[in-house]
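The values are calculated or read from the model by the stated rules, or taken from the named source; none is laboratory data. Keep in mind it's a predicted model, so treat the numbers as computed, not measured. Methodologically, a virtual Cβ is constructed for each residue, glycine included, from the backbone with ideal geometry; neighbour enumeration extends over all protein chains shown. Each accessible area value is taken on the protein alone, full model and side chains, heavy atoms only, with ligands, DNA and RNA left out. Shrake-Rupley method; radii C 1.70, N 1.55, O 1.52, S 1.80 Å.
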Amino acid sequence: MAVATTPTLLLGSGPSMVPEPVLAALAEPTMGHLEPRFVAVMDDVAALLRRAFGTENRVTLPISGTGSAGMEAMVANFVAPGDRVVCGVHGVFGERMADELARHGAEVVRVEAEWGRAIEPERLIAAARDGLDAMVVVHGETSTGVAQPLDGLADACREHDALLLVDCVTSLTGHPLRIDESGIDVAFSGSQKCLNCPPGLAPLTAGPRAVAKLQSRAEPVPSWYFDLSMVLGYWRADGGARAYHHTAPTNMVAALRAALRLALDEEPMAARWARHARAHAALLAAVGTFGFARLAPAADALAPLLCATVPAGVDAEALRIALLTDHGIEVAAGIGPLKGRVLRFGVMGAGARQEPQAALVTALATVLGAEPRPALDALEAGWSVSA
Ligand SMILES: *Cc1c(COP(=O)(O)O)cnc(C)c1O
């Protein structure tokens, strides 16, 4: 029997708010993973993902697993043991990537920046001068709320016949990014950030240069589960007969289709990016009235994630817990060196709207014992700025 529960308002680092049509798609009767009706869903998802990524790549599919499964699939398939890989590290997810690369036997050349700042692309390009097989950057660093500029990175990689690999888990559809225009060879994301689907799938796209490297590998891909040469026998990009590899999570794929349709049909992509930027600015203005300050400078800010230092004298963890237990609103704590210093507010898809933000701002005022009016006015003003 269904139990009525009040949903948590998810305004943290993910999972994000899941709209009703996506939950409804998830609850549809389970399909077989090889039946024609499901094959049609797969084809739709691949086409919708190409639009979301801004790519023509034939190899575009959701990997079965969370965002980190996308990372593991990317590294296992497109980095070979002994490869020299330049890796940008400016937060938790850059660290995770460097760890993943080392575990796959890569020679990792770290290029770091202070947490809360982007890495100057010139420094990544300089690190590529001595030769490299791949460069990896986190486009949206969710631990700090920083967007990484990609200028010149693709050219620097091509000069050495190296691949440009990107983590766009948090940025996909929430921050300007076009895979083909930026010359990105492989990118992966997650279903539960700006796409507003439950966690469990990792959209991934790989271009022709990456696929050629995969096909010319001397040794088999070290991961059986994520070996794309086998996975693609099922997620056929060539229209051929599909062979069983692993049982696709069919309900999740159906939910992802619903989420992608919602995301792509409600507004053009440029308008979606602009809405995320406006929602971010409006929320920053509102929480600024309580004394929160964004960690990242404006030029480095990642639209879907506002990472803000807490007002002086405020216990970040106590505030986060009060929001969750007394108001049913989830925001994310700081992680790594930022633990206790910041709170992280998600501005993702359906969460990048005035109404949920007003609920958050009102709850924050209550917990902080502040007047909500100035913050709500700032939010309103932020939303009335024309795009
Ligand atoms: C959330 C996130 C991941 C990991 O995704 P999981 O779904 O937690 O495995 C990787 N990179 C970035 C930038 C993220 O925000």
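Quick look at the numbers
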read-out	value
Gyration tensor verdict on segment 84-149 (Cα atoms; rounded if a/c is under 1.5, prolate if a/b is larger than b/c, oblate otherwise)	oblate
Probe 1.4 Å - accessible area at Asp315, Å² to nearest ten	90
Exposure rule at most 15 other beta-carbon atoms within 10 Å, DSSP loop GluC sites (Glu not before Pro): the chain longest free segment	267-387
Summed side-chain charge close to Leu11 - residues other than Leu11 whose Cβ falls under 13 Å, Lys, Arg +1, Asp, Glu -1	+2
For segment 86-100, 3J(HN,Hα) per residue [Karplus equation, 6.51 cos²θ - 1.76 cosθ + 1.60, θ = phi - 60°, Hz, x = Gly/Pro]	7, 10, x, 10, 8, x, 4, 7, x, 4, 4, 5, 4, 5, 4
Ranking by accessible area, most exposed first, for Thr325, Thr6, Thr173 with a 1.4 Å probe	Thr6, Thr325, Thr173
Degrees separating the helix 269-288 axis from the principal Cα axis of the chain, which is the longest one	40
Simple Cβ-charge dipole of the chain, Lys/Arg +1 and Asp/Glu -1, about Cα centre, in debye nearest 20	340
The chain: angle of helix 250-265 to the longest principal axis, Cα-based, in degrees nearest 10	60
Between 0 and 90°, nearest 10: helix 67-78 axis offset from the chain longest Cα axis	30
Percent carbon-and-sulfur accessible area, the chain, ignoring ligands, DNA and RNA, probe 1.4 Å	54
For the chain: rounded, prolate or oblate by the Cα gyration tensor [a/c cutoff 1.5]	oblate
Segment Ser384-Ala298, extension gain: residue separation times 0.36 nm, minus the distance between their alpha carbons	29.0 nm
Shape call, segment 1-116: gyration tensor on alpha carbons, a/c limit 1.5	oblate
Residue-level accessible surface for Leu264, protein heavy atoms, 1.4 Å, Å²	20
Relative contact order computed over the chain (Cα-Cα under 8 Å; 6+ residues apart), in percent	23
Under the Karplus curve 6.51 cos²θ - 1.76 cosθ + 1.60, θ = phi - 60°, whole-Hz ³J(HN,Hα) for segment 155-163, x wherever Gly or Pro sits	5, 4, 5, 4, 4, 10, 6, 9, 9
Listed residues Leu323, Leu232 arranged by accessible area, highest first, probe 1.4 Å	Leu232, Leu323
